[in-house]
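Please treat every number below as a calculation from the coordinates, not as lab data. Every value quoted in this text rests on a predicted model; they were computed, and no experiment measured them. Ideal geometry is used to build each Cβ from the backbone, glycine not excepted, and the neighbour counts take in all protein chains shown.
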Amino acid sequence: MPSIIDKETFDKVQVKMAHNKRNAGHFKARRVYMLSGLIKCGECGSLMWGKSHFDGRHGLEYLNYECSAKGYKQNCDSRGVRKESIENYVLDELQNTLFSEVSMKKLAAMLSAYSVRMKDSSKIELDGALNELAEIKVKVDRIIQLVADSGISINVVKDELKRLEDRKITIEACIQEIQMRNNAAAVSEDMIIGLINKSKESVRLRNIAECREFIGNYVESVIVHREKVEIRFKIGVPDTDNDTLSPLTVEYDLEELKDKYRKAG
Ligand SMILES: [Zn+2]
């Protein structure tokens, strides 16, 4: 059952948020690389890692994300990106793209339309399976009756009974799976909006522990290409032409990003 986030993740986030509130201040360091493990080089596909550079002349330390293949075997020549710039950009996109009420409502509406279509098709599937199960029961009864009436050995029909029994087990498992899929608790729109409002506040206050948590929950990857940055969210948006979900993505020009976050960096 597609939903913006599943019930389990939703509950986990709630627990984690309560925990973080009690332990606020544990992540004071500006050296926490929030995008570790998610940020990738668009040139060679390697992960990027946090690196600090000390500018002795000005007594300043710069924190960057750089391609982990740089200077190694593959010797990628991609340029690094300033830690503060890219992290602030990702947090802004979380807030603007994902946590904006307009886009959440739009996503929720699209997803509920999608799940209605899926429910309709799983009803057809379920009806088909239940029908076949009923037919198998009739066939088995008929065979048993035949054996009883005619006095032929059960061995004569044992292969056929075995085949029907196997098919019955397969169909029962299939029915169980369809029913489980249908019962999977979809998170309601109100619950999503509530969670998002809480998340927005943490992002606004740049609570590092919670921000890192949100990034991990919602961001699939951040890809730094030569001229642009791409964020792939862990959220699927239904395609208009067919019933598949594609990850929601946003892009930004790398030069513009550097300009925009110069002060912050
Ligand atoms: Zn690279």
Problem - Label point 7 Å beyond Cα of CYS44 along Cβ direction - residues of the range 64-87 with amide nitrogen under 15 Å - result: 66-81
Exercise for the section: Choose one of ASN155, ILE144, SER121: the residue whose Cα lies farthest towards the positive end of the charge dipole of the range 116-183 (beta-carbon charges +1 Lys, Arg; -1 Asp, Glu; about the Cα centre). Expected result: SER121
Practice task
Between GLU165 and ILE124, take the C-beta separation as r, use R0 = 22 Å, and let me know the FRET efficiency to the nearest 0.05.
Solution key: 0.30
Fill in the blank from the handout: Once Lys and Arg are counted +1 and Asp and Glu -1 for all other residues with Cβ under 15 Å from that of GLU160, the total becomes +3
